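These notes concern the structure reproduced below.
The values are calculated or read from the model by the stated rules, or taken from the named source; none is laboratory data. In this text, all values refer to a predicted model and were calculated from it rather than measured experimentally. Methodologically, a virtual Cβ is constructed for each residue, glycine included, from the backbone with ideal geometry; neighbour enumeration extends over all protein chains shown.
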Amino acid sequence: MKIFCSFVLIGALYAIPALAGDAGDMVFTERGPWDMSKGPVSWEISQTGPELESFKPLGKGTLTMDQVTDPSDGKPVLQLAESTDRIKRKIGPFPISGGDPSLTFFLETVARDMAAMTGGSPFYIRNRLKDALFRGGEVSREGDLTIASFEPFKDDKNTQRMYGFETLVLRFALSDPKQPIERMTAQTGPLAGDRPAYVNEMVLK
């Protein structure tokens, strides 16, 4: 199994906080232990944005979460598999009983993409995402789904260096709190230089 330690570390960074707001509580509610008895859980993923030297949008693909055996100790763990025309990789392991690997993947992808396009510090970006998700956000309804939305860079002091990412909105569509998140979306307005918006979306199959 190929292990990507950075995702494990980011998962720890996004551990459920004691002081999260209502919207953050909904997103970070404990969904483990994960039950894979009915097979893997899959999301359709779609990523669009400007073609830059530092960033190439991945287009459409899938993210699959499955239970595998950790060869180091023989215990069950979770593993993600990402597949698009531009990338195929396995990410993990993640514990069966802790956190939400799909959420960790989504947030780290947004942070990585933003850092690539803006040249900003990924550590600063992750911290701003964390602060927004833990401290703010709005809750609304969309049919049978609850929508938790966040604007992590709306009032950021570095707006002029954000390439348009000050318009970033994160939206999470949730049904049963114990079930996987139905839809995760990160979207900006048009980026600097009249470049197209960045859109990153995961939709549960």
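A few points about this structure:
- Pairs meeting the criteria (first residue in the range 21-32 and without any contact (Cβ under 8 Å) to a residue 40 or more places away in the chain and within 13 Å of Ser140 (Cα to Cα), second residue in a loop (DSSP other than H, G, I, E, B) and among the aromatic types (Phe, Trp, Tyr), beta carbons under 7 Å, at least 6 apart or on different chains) are lacking.
- Residue that is surrounded by the fewest Cβ atoms within 10 Å (Cβ to Cβ) [pool: residues in the range 50-81 that are among the small types (Gly, Ala, Ser) and within 21 Å of Ala115 (Cα to Cα)]: Ser54
- Of everything in the range 82-111 that is crowded, with 18+ Cβ neighbours inside 10 Å and of a type in the set (Ser, Thr, Tyr), the residue that is farthest from Arg126 (Cα to Cα) is Ser102.
- Some residue of the range 10-20 being part of a loop (DSSP other than H, G, I, E, B) and either crowded, with 17+ Cβ neighbours inside 10 Å or modelled with pLDDT of 95 or more (or both): yes
- For the range 40-105, the strands (runs of 3 or more DSSP E) that sit wholly inside it and include 2 or more residues that are free of Cβ contacts under 8 Å to residues at least 60 places away in the same chain are 59-69, 76-84.
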